[in-house]
Structures are given as C-alpha cells and as structure tokens.
C-alpha cells in the first residue's frame, strides 16, 4: 500500500510558497528521514502529510485520502504529530491533557499509565503542563503518540531539547512503531542513530 | 456582439443617469407639500433598490454559488466581492439621501426611522464583510470564509429589518412618519421614477463589472507574483 | 458526540477555575462598565427604568465579545496548535461544547451584572425574577452567534477589532429583543412577541453553528 504520494505540491502561507512543487512518494511503511536547511520547507512537508495544511496546487494523497477538507480530517484521525507544542492545554495537568485527548479521540484511557512510564513522566501526572521543561513537554507528546498508536507518525525534530536518554527513547519508540507496521517520517538536522532507515528525502527550496 | 453590449453599457448608463437628472430637476413639477425635497423620489428609492436588494443580493447569490462545489469559480467570488463594494456605496448614498429627505419632515437629520436604521446596520454588515475579506492573503481561504460570512449575514438581514421595525412601532405607537408617503406619483413623475430605477440598475451593472475587471487584474497579478515567488523559492535550493 | 461535548465543557471550566479570569477580571470589568454607562446616561434621573435595561445589555454584549475574543485568542496560542488540530475533534461537538461552556460562564457574570443593575436602577426583585427566563435565552443567543463569529474571526495574528465589527450588526436583533423583554418585566408590560424572535435566532444560528463550525475550522 502506498502511504503517501505528493506530486508537484505547492503550499502557500500568506502568499509565500513554503512548498514550491514538491514531489515525493512513500511506497511502503518504514522509517523515513527528511533533511534540509532552516526554512527549506521540512516542517511544511510534515504538515501537509499530517493533513494540517491545504495544498494550493498539485496532487496529494495520504493514507488513501485525497487532501480535500474532508480528506485532511480523515488523515488527521489516523496520523500522529510531534512538534514543538506537545501539550494540548497549558493550564491542564499531564494526566488531564492525556485524558482529554483520549476522550475526544476514543483512545482507551487505560493506556495512559504505561505510556507515561515509558517516557519517564509517571511521577509527573499531576504537574501542570505549563510547569514542564521543554524536554518534558516533548516526552508528554511522545506519551500521547504511544497511547494513540497512529498509522503515520510525523515527528518534527523529535530529538531537539531531549537529553541522551530522551533521544534513545525516541529511537526505541520509533523502532517499535515501525515494527508494528506504522510509517514514521521525521525531520532532523542531526545524524540519526536509528537502527533502520528506509528512505531519506532532501528538501531544498520548498521541493 | 457580447463585447459591443459591454462597451455600450458605460455610455448608456451615463445617458440614462443624465436623463433622470434632467427630468427630475427640470421637467417634473414641484410637489405641493414637500416642494423640491420631493425630487429625492427620483434618487433615494432607486439607490435603496440597488444598495439593499440588487447588489447585496448579487453578492449573497454569488457567495452561495461559490460554496456550491459545482459552481465554484474564482470569478464568482470576485463578483461577490465587487457587488458587495457597490452595495456599500449605494447603502451609504441611501442613508445620506434618506437623512436629507427626512430633515424637513422630522426636523432632525436622524429620527431612528425603522428603514433607515436597519439600512445603517446593513451598511455596517457589508463593511464588516469587506474588512473581513481584505484581512486574508490567501485567495482560496479568503473566498471560502468570506462566502460563509456573506451567507450568515444574509440570513440576518431580514431578522435585523423586522426587529428594528418592531422596535420602532411597538416603542412609539404605529404613527411612523415616512418621508415621501404623502407624495402622489403619476404621469411624468412615474416615468421619471421608473427611469431612475433603470438608470441605477445599469449603474450597478457597470460599476460591478468595472470593479470585477480590476479585481481580476489584481488576481492575475497575484498569480504572476506567486509564480515568480515559486521560481525564487525553488532556486534557493540551487537546483 | 456527548462524551466529546462534556470533555470540552470540563476542560474549559477547569481552566477557568484555575485561572479565575472570569471572577477576578471579567466580572469586575462588567460591573465597572455598568457604573460608567449609568453615569454617562445620567441614570439617577427619573428615566432610570427607561435606560437601565438597555445599559445592562450594552454591558453584556461587550462582556460577551471580551470572553469570545479571549477564548479564541487563547485558542490561537494553545488550542489551535498542530497537536490540538490532530485530534480532529468533530465540529458539531466542538461548537456545542464551546457554546454551553461559554454560556454558563456568561450567565455567571450576567447574574452579577443584573443584581448590581437592580440596585443601581431600582429594579424590583420580583421584576428581575420575571425577567430571568428572557435573560437566559438572550445570553444563549449571544453565545450561539458569538462563537460562530469568533470562529470566523479567529486566525493567528488577527486584529482584535474584526470580531466586534462582524458580530455587532448580527447582535442587533438580540440586543433589541433582550432589552424590550427586560424593560417589559421592569415596567410590568407585556412584550411576548420578542420571545419568538429570540427563540428563532438561537435555533437558526445554533443550527448554522452545528453545521458549519467544523467546516470553518478546516478553511
């Protein structure tokens, strides 16, 4: 099954083409690394794959859905996102954030304790999200992905702000997800220590 | 042939407006009660017709057509925007002439007349649409969201109108003085009034078309700029 | 759908309970606005039962706009983040949850405003009791409309002036109807026909909101 097929995709933000005719096909599940300099369009590519942004021109199909308004919603139901903004609400605690997300997405709440243990936030369930450090917020985001078990994982610089243990955690989680049949697309500036990489994509000048 | 029609539209509009002015100012008689003020009957009702019904209605219908997938075209969205701009012009003209006309009847410029008040609210509604519209950079998003706002506003127009009419009549008794109510229209006056409706309708078509052509040119310009921005963006990568 | 609606309401109220913005900022603002408009309208005069109901609704409309502006600006920082959008919450449920949560918050402020207005403009307790149902329905109208326009106006970097500009014309019938009904309660007159208008508007805009809220979010 083709995971995603982008053909000459243009995405504009405030009349600026963040993606300028990008084409990329992900033929089968696996781990894919997106590289490129600052402002080259890595995050924009991830946003399109996540169904977050509408495309202005070109053809795009992700997880079998064309990226129309309804198609993008379907994609978002089946994909997971890890960016720089992990929690859903700063005024809620770690547990409340995950409980809210699991209720509205119908993910079993029983997965929470285990997920928090995996990201070493088990002792932080009652901490307000606003009091978490950047690395802990990232870990909270990972905990949600572990709970949600999406088919397509989109990780925007997942190693940023994480210590050595955190980076190892990301690599382990990614490894397990791919072993379970999911597709992981991640952007990075660093050398990746992932045990398995199925493809790399270089973004230059928005394509 | 089609082109010829469009080319004739400007001059025909101008001639019909001048003819309305000539008939209204010199040929028609003075009214017995209101004197020369009654000549606003050749201006104000036609302006209200264009501002409230014709142009606002065109904008709303075009917005609806844009939201309907089968009739979704960029041109339809531009027609909606152009007609709404014309609507604002005529709504403001309606308010000004209505206020001038009401002055001798009411003794004040603004007497909270139900129709004028709901027209004023409608003018703000139309201005809100334009302000909303021009706050977007992305043309597709602008078109979709503005169309939704136009339709929501359209649902509101009759509700606003009836609420203001109710408010007025229930508040102060049903003795609403309406300027022009005491004028009997006949003969040359009726023909002049009819002509004013035709002239202003033509004026609406002409103004909307000119505004549409300007908007289309601006859109073509934006498209060209986007194409060169895409080329510039691609060359960042040093292909 | 109901579990989503309840989850949204609970989150909104929990955040409110933690931040106490409604209690310590919005309610005092509304009371102060009422005092100022009372002074500006010279409401100590005989006409206070004439102008009082109108002033109450002027204050409530601006309080509504304040709360909705705040809700959607908070959304543009936290709730409209990519992580939140990835939850793909059902639009109808999001709309209803937001409206219910906000309407209750507004009713709390309204209770304070109306009680103070009773003191300032000499409304009797009985007349306020009679007016209560109409006040509740008017607030529901303002919320159903306001959340719809809030969603339309919400965009990162959007000017705060846009929401009042597009919302106020549509608020007009609600303000008139609410004022007439409150006035009627205070002066013991009937004004039953305004009920129809209020109920029609909440039905029409509630329906539009349920249908379009999700669509607006996708555009």
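Scanning region A:6-35 for residues that are under 26 Å from residue A:173 (Cα atoms) and either surrounded by fewer than 15 Cβ atoms within 10 Å (Cβ to Cβ) or within 17 Å of the chain's Cα centre (by Cα) (or both) turns up A:25, A:26, A:27, A:28, A:29, A:30, A:31, A:32, A:33, A:34, A:35. Every condition in (1) away from chain B (no Cβ under 14 Å); (2) touching a residue at least 60 places away in the same chain (Cβ under 8 Å); (3) in a helix (DSSP H, G or I) holds for residue A:45 except the one numbered (1). Of the helices (runs of 4 or more DSSP H) lying entirely inside region A:81-198, those carrying at least 1 residues that are within 14 Å of chain C (Cβ to nearest Cβ) are A:94-105, A:134-148. One residue stands out among those in region A:57-76 that are surrounded by 20 or more Cβ atoms within 10 Å (Cβ to Cβ) and within 17 Å of residue A:12 (Cβ to Cβ): the one that is nearest to the other protein chains (Cβ to nearest Cβ), which is A:72. Looking at region C:1-85, the helices (runs of 4 or more DSSP H) lying wholly inside it that each contain 1 or more residues that are facing chain A (nearest Cβ under 10 Å) sit at C:2-19, C:48-74, C:82-85. Taking residue C:177, is it under 23 Å from residue B:124 (Cα atoms), at pLDDT below 90 and either within 17 Å of the chain's Cα centre (by Cα) or within 14 Å of another protein chain (Cβ to nearest Cβ) (or both)? Taking the combined requirement at face value, the residue does not satisfy it. The numbered conditions (1) more than 25 Å from residue C:12 (Cα to Cα); (2) buried (at least 21 other Cβ atoms within 10 Å of the Cβ); (3) modelled with pLDDT of 90 or more are all true for residue C:195 except (2).
When the criteria are applied in full, residue C:154 meets the requirement of being more than 16 Å from residue C:103 (Cα to Cα), modelled with pLDDT under 90 and either surrounded by fewer than 24 Cβ atoms within 10 Å (Cβ to Cβ) or at the interface with chain B (Cβ under 8 Å from one of its Cβ atoms) (or both). Given the criteria farther than 26 Å from residue C:183 by Cβ, surrounded by 15 or more Cβ atoms within 10 Å (Cβ to Cβ) and in contact with a helix residue (DSSP H, G or I) (Cβ under 6 Å, 6 or more places away or on another chain), does residue C:34 qualify? Here the answer is no, as residue C:34 does not meet what is asked. With respect to (1) part of a loop (DSSP other than H, G, I, E, B); (2) in contact with a helix residue (DSSP H, G or I) (Cβ under 6 Å, 6 or more places away or on another chain), the lone exception for residue B:37 is condition (1). Mind checking which residues of region B:185-219 are under 21 Å from residue B:133 (Cβ atoms) and either away from every other protein chain (no Cβ under 14 Å) or within 18 Å of the chain's Cα centre (by Cα) (or both)? B:204, B:207, B:208, B:209, B:210, B:211, B:212, B:213, B:214, B:215, B:216, B:217, listed by residue number.
The values are calculated or read from the model by the stated rules, or taken from the named source; none is laboratory data. What you see is a predicted model; the values in this text were computed from it and never measured. Reconstructed Cβ throughout: ideal geometry from the backbone, glycine too, with neighbour counts over all protein chains shown.
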